[in-house]
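Sharing a structure, written as structure tokens. Questions coming.
The values are calculated or read from the model by the stated rules, or taken from the named source; none is laboratory data. Just so it is clear, the structure is predicted and the values come from calculations on it, not from any experiment. Virtual Cβ from ideal backbone geometry, glycine too; neighbours counted across all protein chains shown.
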């Protein structure tokens with residue numbers, strides 16, 4: 001006997017469900033369509049997810065898994081007739097092993113919750129991003145999240161030792177190893193990382209933790225251009241007496257726009273439209289007063305001419321003001337809506353040339369378009385907002401071509417850390433090799449032959 005969407009609550013009385021009217025007051029995240037489904041399930045255990053997917057598989061009911069709804073690429077959008085599997089109730093940190101530096105967590109645990117719990121043992125999740133308070137670890141695994149610390153700790157894939165996932169037919173794949181070395185054939189669990197919920201529901205994770213970072217001191221440095229910013233970053237990264245914790249680049253037009261929108265006074269001079277590159281740098285320090293090694297390294301760069309200006313935050317308030325400029329990037333969209341968003345990665349030795357070319361290519365599309373850039377400088381991950389403040393969908397293809405030009409040739413990527421979702425689906429098809437795309441399709445068909453998991457996303 002087949003099963004329909006409206007029959008699920010009666011068939012699974014132990015699982016919480018909400019109708020569209022009942023979950024309408026929830027925040028949808030970046031995409032309003034995230035909450036367009038007719039029904040939401042809120043399972044609390046893997047067994048509940050298993051029973052739920054088994055019924056959905058039988059009835060051909062499309063399923064979209066959601067965590068914190070912090071995604072930016074349309075990977076969690078829904079339509080009427082679909083079921084949302086919300087992982088909010090799967091929020092238990094099952095164990096933390098301080099000796100081995102590992103944690104077992106359910107998929108709905110937020111990054112901030114794990115960071116707090118790990119911090120009690122002097123440990124850290126080893127990954128950080130601005131949506132830390134709402135981003136769930138299951139969602140971060142499904143999108144292979146990166147963030148601020150990726151240049152030194154890797155992306156989410158590198159933090160995962162093993163995982164548990166419910167397949168589309170309800171069967172449970174479980175490989176929750178707590179060791180680094182486990183050569184037991186091809187690691188099937190890796191398929192789920194970055195799959196954006198198209199192959200199953202990640203329910204539990206075994207994570208590798210790292211020693212917690214020492215207190216940090218923050219500086220805003222202005223480099224004459226991107227090339228010298230990359231060289232300056234490398235010098236600080238490799239400095240024997242400096243432990244660099246973060247390096248966030250913000251191009252002049254972005255800095256001026258966001259600081260102005262937030263009413264934050266810039267402590268350094270930044271000229272609009274110039275080749276300058278302001279970089280937010282954070283390094284380990286014993287206290288706000290004892291920053292000798294970091295200050296010395298910064299002054300050496302300044303005196304050599306590699307750096308044009310620098311100011312060091314002298315309090316947590318000053319530090320917070322500098323980080324607001326970097327993390328409140330949505331100010332650009334408030335000032336100039338209807339922008340095109342991009343998330344690309346460029347090898348460091350090509351970054352300066354790529355950015356210079358990008359500005360020129362965008363101007364060639366339309367002089368009315370502004371290009372607002374920020375970057376995780378250490379790993380070459382650039383976030384671009386290209387906008388005139390007006391809706392110009394007819395320019396999307398030309399702007400895409402301007403942004404993606406040359407990336408593949410230098411070994412970069414058109415999709416760094418935000419995932420594919422719906423927004424970059426056509427780009428994946430057009431920019432992937434035919435063989436790579438075919439293999440992805442074959443994996444999808446093997447694990448999800450009815451195509452019920454997150455339909456219309458990625459592949």
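Of everything in the stretch 152-178, what is more than 18 Å from the chain's Cα centre (by Cα) and in contact (Cβ under 8 Å) with a residue 60 or more places away in the chain? Give them in sequence order.
164, 166, 167, 168, 169, 170, 171, 172, 176, 178
I would also like to ask the following. Sort out for me the strands (runs of 3 or more DSSP E) sitting completely within the stretch 7-122 that have 1 or more residues that are over 24 Å from residue 143 (Cα atoms). Walk me through how you get there before you give the answer.
Numbers: elements: 16-19, 39-42, 63-66, 83-86, 93-97, 102-106.
The strands (runs of 3 or more DSSP E) meeting that bar are 16-19, 93-97.
Where in the stretch 146-256 are there strands (runs of 3 or more DSSP E), lying wholly inside it, with at least 3 residues that are over 30 Å from residue 321 (Cα atoms)? Even if it seems obvious, please write down each step before you answer.
On the way: elements: 160-166, 172-175, 201-208, 216-223, 244-250.
Those strands (runs of 3 or more DSSP E) span 160-166, 172-175, 201-208.
Quick test for you: out of 41, 47, pick the one residue that is modelled with pLDDT of 95 or more, surrounded by 14 or more Cβ atoms within 10 Å (Cβ to Cβ) and in contact with a helix residue (DSSP H, G or I) (Cβ under 8 Å, 6 or more places away or on another chain).
Working: 47 fails: in contact with a helix residue (DSSP H, G or I) (Cβ under 8 Å, 6 or more places away or on another chain).
Only one candidate passes the filter, namely 41.
Let me ask something else about it. I want to confirm something. Restricting to the stretch 257-274 and keeping residues that are assigned to a loop (DSSP other than H, G, I, E, B) and out of contact with any strand residue (DSSP E or B) (no Cβ under 9 Å at 6 or more places or on another chain), which single residue is surrounded by the most Cβ atoms within 10 Å (Cβ to Cβ)? Steps first, answer last, please.
The first filter runs over the stretch 257-274 and keeps only residues assigned to a loop (DSSP other than H, G, I, E, B), leaving 263-274.
Okay, now just the ones that are also out of contact with any strand residue (DSSP E or B) (no Cβ under 9 Å at 6 or more places or on another chain), so 263-265, 271-274.
Numbers: 263: 6, 264: 16, 265: 8, 271: 10, 272: 10, 273: 11, 274: 14.
In this case the residue turns out to be 264.
Taking the stretch 223-252, which residues are in contact with a strand residue (DSSP E or B) (Cβ under 6 Å, 6 or more places away or on another chain) and under 18 Å from residue 335 (Cβ atoms)?
Our first condition is that a residue be in contact with a strand residue (DSSP E or B) (Cβ under 6 Å, 6 or more places away or on another chain); within the stretch 223-252, this holds for 223, 226, 229, 232-233, 236-237, 242-251.
Of everything in the stretch 223-252, those that are in contact with a strand residue (DSSP E or B) (Cβ under 6 Å, 6 or more places away or on another chain) and under 18 Å from residue 335 (Cβ atoms) turn out to be 250, 251.
Look at residue 355 and say whether it is buried (at least 17 other Cβ atoms within 10 Å of the Cβ), in contact with a strand residue (DSSP E or B) (Cβ under 6 Å, 6 or more places away or on another chain) and outside the structural domain of residue 271 (by TED's automatic domain parsing).
Criteria not met by residue 355.
Still on this structure: Considering only residues of the stretch 214-238 that are surrounded by fewer than 18 Cβ atoms within 10 Å (Cβ to Cβ) and modelled with pLDDT under 95, which is nearest to residue 318 (Cα to Cα)?
Once the filter is applied, the top-ranked residue is 215.
Residues to consider are 309, 292; find the one that is without any contact (Cβ under 8 Å) to a residue 12 or more places away in the chain and either surrounded by fewer than 21 Cβ atoms within 10 Å (Cβ to Cβ) or not assigned by TED's automatic domain parsing to the domain that holds residue 409 (or both). Full working, then the answer.
On the way: 309 fails: without any contact (Cβ under 8 Å) to a residue 12 or more places away in the chain.
Of the residues listed, the single one that is without any contact (Cβ under 8 Å) to a residue 12 or more places away in the chain and either surrounded by fewer than 21 Cβ atoms within 10 Å (Cβ to Cβ) or not assigned by TED's automatic domain parsing to the domain that holds residue 409 (or both) is 292.
Can you say whether residue 378 is within 23 Å of residue 140 (Cβ to Cβ), modelled with pLDDT of 95 or more and touching a strand residue (DSSP E or B) at 6+ places or on another chain (Cβ under 8 Å), as far as the supplied structure shows?
Details: within 23 Å of residue 140 (Cβ to Cβ): yes; modelled with pLDDT of 95 or more: yes; touching a strand residue (DSSP E or B) at 6+ places or on another chain (Cβ under 8 Å): yes.
The answer is yes for residue 378.
Does residue 419 satisfy being at pLDDT below 95, on the phi > 0 side of the Ramachandran plot and in contact with a helix residue (DSSP H, G or I) (Cβ under 7 Å, 6 or more places away or on another chain)?
Working: at pLDDT below 95: yes; on the phi > 0 side of the Ramachandran plot: yes; in contact with a helix residue (DSSP H, G or I) (Cβ under 7 Å, 6 or more places away or on another chain): yes.
Against the criterion (at pLDDT below 95, on the phi > 0 side of the Ramachandran plot and in contact with a helix residue (DSSP H, G or I) (Cβ under 7 Å, 6 or more places away or on another chain)), residue 419 qualifies.
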